[in-house]
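Accompanying notes for the structure given below.
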């Protein structure tokens, strides 16, 4: 099957607001790419450009050797073989689940094809139900079945799980990813939820201010962010500014080796809360201790007034007003050049 590539994608609205500022992205068949970024970062605009619903000002989109978008060329959406699932699912309220999935299919066996897709989504017994008779998770799966029915080469999903309650999300995400894998299409899931992105992605792409700032496996992006801003997109992070001297950076928890950045250069030391472990001591005051299921999330104040964030076991006795020491686990630490 064929890769989809986006290079230098730019899109400006109303002559002023630049939603895309040279975004690059690769989608591979059989792989799920999660595009993670805050509201207004350009995620949905990029998805719509890939679908053909937005025309680029500059840049190109190619599916293999076929040009979808570039200067003077804009292949219309109906010629791109793209499946779309929107945040609100966009099901036709006057059609039952079977007719929704069959919509857009051709041939005398269109309803049989639709029934196969409903069966794959474990909704064969809901074929005659109308959208208002289905749960949110069932509606999402009908929308996915409808998008997959024409056998698209690229699947685009825009915040597909945001309307579901937390109890349902994990199960529906797992079903969705399994369906996308079976279809073998190149899939892009747009989300602002870091937990969701880390859960579904083979490849995770981070987007800020119209640009893809980092792409990699979820593990690489979480453990080795390219900047403090990228680190905070995928989870909480302590960030300490410092300077490289003799191949080391000083921190309140001791000096850290830093051989790959020139001496005298400013750096950010990124420490995940999981990397700060409470130990005997009086150095830090607990400002807040919040129970969060499997762990307790701590906010702590150092003698210089700096705030630090750490995780402790759920059974930890630490509460606001207590004092403790902190020990650093360097597996949760990453040092990057400060380019600001």
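For the options 16, 282, 133, a Gaussian network treatment of the chain with springs between C-alpha atoms closer than 10 Å singles out 16 as fluctuating the most. Using 0.36 nm per residue and subtracting the Cα-Cα separation, the extra length available between residue 181 and residue 130 on full extension is 15.6 nm. FRET efficiency for residue 265 and residue 224, Cβ-Cβ distance as r, R0 = 25 Å, nearest 0.05? That gives a FRET efficiency of 0.90. Build a GNM of the chain with springs between Cα atoms under 10 Å apart, and of 290, 62, 110 the one that fluctuates most is 290. Normalised by residue number, the volume inside the convex hull of the Cα atoms of the chain is 172 Å³ per residue. Note on segment 238-337: Cα-Cα pairs beyond 21 Å make up 35% of the total pair count. The mean sequence separation of alpha-carbon pairs under 8 Å and at least six residues apart, normalised by the residue count of the chain, gives a relative contact order of 16 percent.
For segment 1-159, count all C-alpha to C-alpha pairs, find those more than 24 Å apart, and express that count as a whole percent of the total. Percentage above 24 Å: 40. DSSP beta bridges fully contained in the chain are about 75 percent antiparallel. From the alpha carbon centroid of segment 200-250 to that of segment 84-101 is 38 Å. Taking only Cα atoms, what is the 0 to 90° angle, nearest 10, from helix 166-183's long axis to the longest principal axis of the chain? Roughly 60 degrees, rounded to the nearest 10. Highest mobility in the GNM of the chain, judged by mean-square fluctuation with C-alpha springs under 10 Å and restricted to 246, 179, 310, is found for 246.
Rounded to the nearest 500, the 222 nm mean residue ellipticity of the chain from helices alone is -6500 deg cm²/dmol, with -39,500 (n - 2.57) taken per DSSP H run of at least 4 residues. Once the chain from residue 280 to residue 319 is taken as fully extended at 0.36 nm per residue, the excess over their C-alpha distance is 12.6 nm. Taken over the C-alpha atoms, segment 67-165 has Rg and Dmax values of 14.3, 48 angstrom. Which residues in segment 317-340 have a backbone N closer than 13 Å to a point placed 7 Å from the Cα of residue 301 along the Cα-to-Cβ line? Label zone hits: 320-323.
FYI, it's all coordinate maths here, none of it is from the lab. Everything numeric here is computed off the predicted structure, so don't read it as measured data. Note that we place each Cβ from the backbone using ideal geometry, even for glycine, and neighbour counts take in every protein chain shown.
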